[in-house]
1. Run the numbers on the stretch 49-174 and let me know its relative contact order in percent, using alpha-carbon pairs under 8 Å that are six or more apart.
2. Test of understanding: what is the full-extension gain from ALA132 to PHE120, defined as 0.36 nm times their sequence separation minus their Cα-Cα distance?
3. At a Förster distance of 30 Å, what's the computed FRET efficiency of VAL94 paired with ARG144, Cβ-Cβ distance as r, to 0.05?
4. Specify the inter-centroid distance of the stretch 78-98 and the stretch 99-128, based on alpha-carbon positions, in whole Å.
5. Determine ³J(HN,Hα), in whole Hz, for all residues of the stretch 59-70 in sequence, where each value follows from phi through the Karplus function 6.51 cos²θ - 1.76 cosθ + 1.60 and θ = phi - 60°; x replaces Gly and Pro.
6. Quick one: which of 158-164, 111-117 comes out on top by average Cβ neighbours within 10 Å, and what's the full order, highest first?
7. If packing is taken as the average count of other Cβ atoms within 10 Å, what order do 70-79, 145-154 fall into, highest mean first?
8. Among rounded, prolate and oblate, which fits the stretch 87-174 when a ≥ b ≥ c are the square roots of the eigenvalues of its C-alpha gyration tensor, a/c under 1.5 means rounded, and a/b larger than b/c means prolate?
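Every read-out reported here was derived from the displayed coordinates using simple, explicitly stated rules and does not represent laboratory data. Note that the coordinates shown come from a computational prediction; the quantities given were computed from them, not determined experimentally. Ideal geometry is used to build each Cβ from the backbone, glycine not excepted, and the neighbour counts take in all protein chains shown.
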Amino acid sequence: AAGKDEKHLQKLARPDYLQRTAMEAAAKCRATAADHDRDYHGANRQKENHRESLKPHDFTDSGNGTLFVRVYGSQVAHLPSLGWIVWNGQFWNVSGSAALGRAIDLTSSMLADARAEVRFARENEDADKTKAAEKYLKHVLSSRNQPRLDRILETARPRLEMMLNQLDSDPQSH
């Protein structure tokens, strides 16, 4: 590798090589900065509109619980003997408040998702999509109330129930 690096450095030191390389690059570059900006912003808008939605399959406590399992199922579990446990990246912590924190995090992400849907629908002047997005936003806002946060965990619990002997040091290994 050392010999290859030396040859490359010698090539870079030649003025004709640098000039020819720069001219070839300039000839290939036909787009303007405005074109790049337009492409960049268009791609970001497209990504925003095609990202995985955090919208539950229905606007019920059960729908929120199913979404919680999909998003946090590898990080949160419920043990009948201990209650809620949460994976911290190294080990499981027994913590009902950390599990509740994940439910709060979920609804915070849902809120950002719902607001983006409303904004996109309004920008595109699509009345049906705006109405649907506003319904989603209303659901998310009510889901952020304490009783509804508790119900997210309650409806997710049967799908996250584990026995102590099922625990592994790394939940990603299952």
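1. 35
2. This chain segment gains 3.1 nm when fully extended.
3. Efficiency computed from Cβ-Cβ geometry: 0.75.
4. 28
5. Per residue, the Karplus-derived 3J(HN,Hα) values read 8, 10, 4, 4, x, 5, x, 4, 5, 4, 5, 4 Hz.
6. 111-117, 158-164
7. Ranked by mean Cβ neighbours within 10 Å, highest first: 70-79, 145-154.
8. Working: a/c = 3.12, a/b = 2.41, b/c = 1.29.
Prolate, because a/c is 1.5 or more and a/b exceeds b/c.
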